[in-house]
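What follows is one structure encoded as structure tokens, with my remarks underneath.
The values are calculated or read from the model by the stated rules, or taken from the named source; none is laboratory data. If you're wondering where the values come from, they're calculated on a predicted model, not measured in any experiment. Neighbour counts are summed over all protein chains in view; Cβ atoms, including those assigned to glycine, are modelled from backbone coordinates with ideal geometry. SASA here: full protein model, heavy atoms, side chains in, ligands and nucleic acids out. Shrake-Rupley method; radii C 1.70, N 1.55, O 1.52, S 1.80 Å.
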Amino acid sequence: MKILVTGAAGFMGSYVVDTLIARGGHEVYGVDDLSGGYESNVNPASHFTKLDLRQKKEVEQYIANVRPELVYHLAADATEGRSQFTPISATERNYLAYLYTLVPSIKYGLKKVVVTSSMSIYGAQKSPFTEDMKPMAEDIYAIAKAAMEESTKILAKVHGFNYVVVRPHNVYGPRQNLSDPYRNVIGIFINCLMNNKNFYIYGDGNQKRAFTYIDDFNPYFVETGFSDKVNGEIINIGPTQEYTINELAEVVLQTFFPDGNIPIALKPKYLPLRPQEVMEAYCSNDKAVSMLGYKTSTSLKDGVAKMVTWAKTMGPQPFHYLEEGLELETSEVPATWKNKLL
Ligand SMILES: NC(=O)c1ccc[n+]([C@@H]2O[C@H](COP(=O)([O-])OP(=O)(O)OC[C@H]3O[C@@H](n4cnc5c(N)ncnc54)[C@H](O)[C@@H]3O)[C@@H](O)[C@H]2O)c1
């Protein structure tokens, strides 16, 4: 079968490609514009094309040539906190780029799409979030993800293809972009320490999240593409154990300084909460357990240790702020971005 993975040079997409190739028996195609991913993540056994999915005509041409039967859509501007300051980019790179991929795919023989959504769509409702909760977006990124989900449901009903929606939460691990100052909290903490700088915590650090090590996400996610019983379903994938950001900071610091002697200059500093930041966001995984046999195998401590080991092989990275700047440079821009503190 011909399978297309979008965001194939990104963190999660590159693992999807590797797993599909390891399964064997399929032709695996990958696209990515390399805005957030790395060419070094691309599996050489896949057919990779550098392609910006916002380019409607080029995407249509590409899909017409490849004619994928199964699409794993992961390409995204996955910056929830920044999306309030780049709402146009968040819509173009998330919602529009998805439609530009989905519509020609349907035209040219799509059988199933795996939609990578996000826990962010639950907004500020009471955690743990269950899949039957209505989307109540608190940010522009979540609006785009909810629009992707709803559009898929409607188009699938009208045009007759299968789909599954997966809502991951805070996935981390080796290959994650370390130099993005706008997202990936664990990567930011690690990269700051490797650069011999303190990191910043927004608010009082009591926000709660559950963190998913990549190996506790990827195999289940790939399986959703092949399993018929998940067709038409929405599934949260990830652990249920929640941590505060302060607890996460402690785990990262302990990994760097196991003897507990943290240099004063490297202790975290606190800044006001980012606009629209949700205080408690973690999910129920009952559905993933029953439908996919989901099991959490990697603790936060072990996962962070593995990521730090990998990050040290990469070495300290400079943080890359958007060259073109934010779309909305208002007084609400967090100081870390306004003053390039990282
Ligand atoms: N990492 C998480 O914690 C998390 C949580 C929830 C949902 N997700 C979703 O999972 C997916 C993968 O996230 P990730 O963490 O691997 O992010 P990532 O940034 O590593 O991967 C996304 C990839 O999409 C590519 N991309 C962006 N715009 C593009 C465009 N216009 N055309 C082609 N390629 C484009 C980027 O270059 C990048 O390689 C995304 O859809 C994201 O929204 C991630």
key: Accessible area in square angstrom per residue, segment 66-128, 1.4 angstrom probe   = 31
message = Among Q55, G36, A76, whose Cα projects farthest towards the positive end of the dipole of segment 33-86, with charges put on the beta-carbon of Lys, Arg (+1) and Asp, Glu (-1)?
response = Q55
ask   = What is the Cα convex hull volume of segment 204-335 when expressed per residue in Å³?
value = 181
ask   = If you plug each phi of segment 15-20 into the Karplus form 6.51 cos²θ - 1.76 cosθ + 1.60 with θ = phi - 60°, what whole-Hz ³J(HN,Hα) values come out, in order, with x for Gly and Pro?
value = 5, 4, 4, 4, 5, 5
Longest to shortest principal axis, alpha-carbon extents of segment 37-181, angstrom = 45, 40, 27
message = Once the convex hull of the alpha carbons of segment 219-279 is built, what does its volume come to per residue, in cubic angstrom?
response = 155
query = At a 1.4 Å probe, what is the % contribution of carbon and sulfur to the accessible area of the chain?
reply = 52
Cα-Cα P(r), segment 20-95, percent of pairs per 10 Å interval = 15, 46, 30, 9, 0
request  = Would you mind putting 208-220, 298-310 in packing order, based on average other-beta-carbon counts within 10 Å, highest first?
outcome  = 208-220, 298-310
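Between H320 and E27, 0.36 nm times their residue separation minus their Cα-Cα distance comes to what?
Here the answer is 102.1 nm.
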inquiry  = List the residues, sorted by chain then number, that are 5 or more residues from I201 or on another chain and whose placed amide H is less than 5 Å from its amide H.
reply    = K269, Y270, L271
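Would you kindly calculate the translational diffusion coefficient of the chain, applying Stokes-Einstein with the Kirkwood radius from alpha carbon pairs, for 4 °C and a viscosity of 1.567 mPa s, and quote it in µm² s⁻¹ without decimals?
64
At R0 = 45 Å, how high is the FRET efficiency between K269 and I154 if r is their beta carbon distance? Nearest 0.05 is fine.
0.45
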inquiry  = Going by average Cβ density within 10 Å per residue, which order do the peptides 136-145, 35-44 take, highest to lowest?
reply    = 136-145, 35-44
request  = Would you work out the relative contact order for segment 1-98, in percent, from Cα pairs under 8 angstrom that are 6 or more residues apart?
outcome  = 33
remark   = Residue-ordered couplings for segment 210-225, obtained by feeding phi - 60° into the Karplus form 6.51 cos²θ - 1.76 cosθ + 1.60 and rounding to whole Hz (Gly and Pro as x), are 10, 10, 10, 5, 3, 5, 8, 10, 4, x, 6, 4, 4, 4, 4, x
Most to least packed among 113-120, 66-73, 275-282, 100-107 [average Cβ atoms within 10 Å] = 113-120, 66-73, 100-107, 275-282
inquiry  = With Kirkwood's inverse mean 1/r over C-alpha pairs for Rh, give me the Rg to Rh ratio of segment 158-238, two decimals please.
reply    = 1.11
query = Pulled fully out, how much extra length does the chain show between Q241 and M1, if you take 0.36 nm times their separation in residues and subtract their Cα-Cα distance?
reply = 82.7 nm
note = Averaged per residue, the 1.4 Å probe accessible area of segment 136-285, protein heavy atoms only, in Å², is roughly 39
